[in-house]
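Read the figures in this text as sums done on the coordinates, not as results from a lab. In this text, all values refer to a predicted model and were calculated from it rather than measured experimentally. Reconstructed Cβ throughout: ideal geometry from the backbone, glycine too, with neighbour counts over all protein chains shown.
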Amino acid sequence: MKNLFYVALAASALMFTACTAEKSTPEIAADKYVKGQIVIGEGLKADTSGLTFTLIETIEETALVEVAGTISVEGQVQAVKNEKGQWEIK
């Protein structure tokens, strides 16, 4: 009886995980990848809402996704100073 309880508990956990798992598509995967590649410095903010992700084709387990649009960047950069003819962030 105790083993049956543990089996039922494990099955319930697996079903809960399957039901709550985030649905993924090639477009969602490409979106996460692109956002992960954006490196923004302190005081800057990137807005990726201008990007579109379009599934072009799928071949077996591989997909081709087109990424188009613009990334807006807002913010202020630290003070920039000219030292011996070279502009550098201070």
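For region 73-85, does any single residue satisfy the condition of being part of a strand (DSSP E or B), touching a helix residue (DSSP H, G or I) at 6+ places or on another chain (Cβ under 7 Å) and surrounded by 10 or more Cβ atoms within 10 Å (Cβ to Cβ)?
No, every residue in region 73-85 fails to be part of a strand (DSSP E or B), touching a helix residue (DSSP H, G or I) at 6+ places or on another chain (Cβ under 7 Å) and surrounded by 10 or more Cβ atoms within 10 Å (Cβ to Cβ).
Scanning region 40-56 for residues that are exposed (fewer than 10 other Cβ atoms within 10 Å of the Cβ) and of a type in the set (D, E, K, R), which turns out nearest to Ile28 (Cα to Cα)?
Residue satisfying both the conditions and the ranking: Lys45.
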